[in-house]
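Report on the structure given below.
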Amino acid sequence: MPPSEIPELKDYSSGSLDSFFRAIEEQFHLEAASAASVEEFEQLRIRWIGRKQGLLTRVGEVLKGAPAEARREVGQKFNALKSVIEPRCELDLKLAPRADEAIDITLPGTRRALGAEHPLIRTMNEIVSVFAAMGYSVGLGPEVETDYYNFESLNFPPGHPARDTQDTLVIVNQERKPLRERLLMRTHTSPVQIHTMEQQPPPLRIVIPGKVHRNDAADATHSPIFHQVEGLCVDTNITFSDLKGTLDHAMKAFFGASVKTRFFPSYFPFTEPSADVQISCIFCGGRGCRKCKQSGWIELLGCGMVDPAVFAFAARQQPAYDAKKISGFAFGMGVERIAMMKYGIGDIGQFYSGDMRFLEQFR
Ligand SMILES: [Zn+2]
């Protein structure tokens, strides 16, 4: 049968109809088997089941002349032919990928946005790595603390005025418990000092990064949640010189070798003597500028020698913390303040806003 022609139907006898339909079906299978590309399947579909010019439509027209007594048989055989041809055309079209959907493996892939360290985490890790290089290990502890670990064991007795400098967020419904067992959000990372000393005897060198909570109203430089890095060193014969040397080295490692440090007397309940540490202004090199309020110095951290009263609390679990035999120093700094200074950030709220335009600058 020529490709575009319908075989001749001599009459409507069963034999003639059989050979008529068999010839069409064979022709279809032949063409379907040779169709390989998407385009060839599309041509097959149009040629056989296209609405107006499709061969099936034209077969139907040929059959219209059937006499009444042959109509039933003609209808059944025509439906059988359609049930062979139509699904095959549709099926292969669905299976075959369309040209515009095919995967072009030579195209570059879709690039996923890469994450990066948050500037606070990055700053915290940098500070930690400075101390890790000096042999410090990392100490961690819970953010929900008892009054004992957050205050009492750090030499803030009940009613001590120093408690007022740390506006504390307390957990509700704790009033029935003794004060030292009441739960609160830790106001500093210092409770980890006590936890660590209770768990391991001296010598001890730990650096404690972490999140702390205070009932502070948010403004450009305050946030009710912020981060600290705290350090503790305990051994025999630890002196204030060791403290000065350690912090001076750490500030030079972090900010650059030309940075100078100086120490001023201060007060913290858990250290005695205590000091505030200033570094020479990293913006003007100490000549005086707007950032350092023309002083040439920036106050950066607090520190001091561990108060013997703190060792006495630790010694309840670890008798080796005997203030007559060992000594130590502790220091602490605010991560936000350092990151703001290092990256020139004016508003502390930007760290917590989740604004991608801000965070993308730290890739
Ligand atoms: Zn300055």
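Picking from residues in the stretch 269-282 that are part of a strand (DSSP E or B) and within 16 Å of the ligand (Cβ to nearest atom), the one that is most open to solvent (accessible area, probe 1.4 Å) is GLN278.
Taken together, LEU17, LEU81, LEU120, LEU114 contain a single residue that is open to solvent by less than 60 Å² (accessible area, probe 1.4 Å) and within 30 Å of ILE338 (Cα to Cα), which is LEU120. Residues in the stretch 283-317 that are within 16 Å of the ligand (Cβ to nearest atom), outside any strand (DSSP E or B) and open to solvent by less than 60 Å² (accessible area, probe 1.4 Å): CYS284, GLY285, GLY286, GLY288, CYS289, CYS292, GLY296. For the stretch 318-338, check the following and say yes or no: at least one residue is in contact (Cβ under 8 Å) with a residue 12 or more places away in the chain, within 16 Å of the ligand (Cβ to nearest atom), assigned to a helix (DSSP H, G or I) and farther than 16 Å from LEU154 by Cα. Yes, the conditions are met somewhere in the stretch 318-338. Taking every residue in the stretch 161-189 that is assigned to a helix (DSSP H, G or I) and pairing it with any residue that is open to solvent by 70 Å² or more (accessible area, probe 1.4 Å) and basic (Lys, Arg), at least 6 positions away or on another chain, yields no pair with a Cβ-Cβ distance below 7 Å. Per the conditions (1) more than 16 Å from the ligand (Cβ to nearest atom); (2) buried (at least 16 other Cβ atoms within 10 Å of the Cβ), the sole criterion not satisfied by SER266 is (2). Open to solvent by less than 50 Å² (accessible area, probe 1.4 Å), at pLDDT 95 or above and farther than 28 Å from HIS118 by Cα - does that describe any residue in the stretch 241-256? Yes - at least one qualifying residue is present in the stretch 241-256. Only one of the listed residues (ASN155, ASN150, ASN79, ASN125) is of a type outside the set (Asp, Glu) and at positive phi. That residue is ASN155.
The values are calculated or read from the model by the stated rules, or taken from the named source; none is laboratory data. Remember, it's a predicted structure, so these values are computed and weren't measured experimentally. In this analysis, Cβ positions are derived from the backbone assuming ideal geometry, glycine residues included, and neighbour counts consider all displayed protein chains. Side chains included, ligands, DNA and RNA excluded: accessible areas come from the protein's heavy atoms. Shrake-Rupley method; radii C 1.70, N 1.55, O 1.52, S 1.80 Å.
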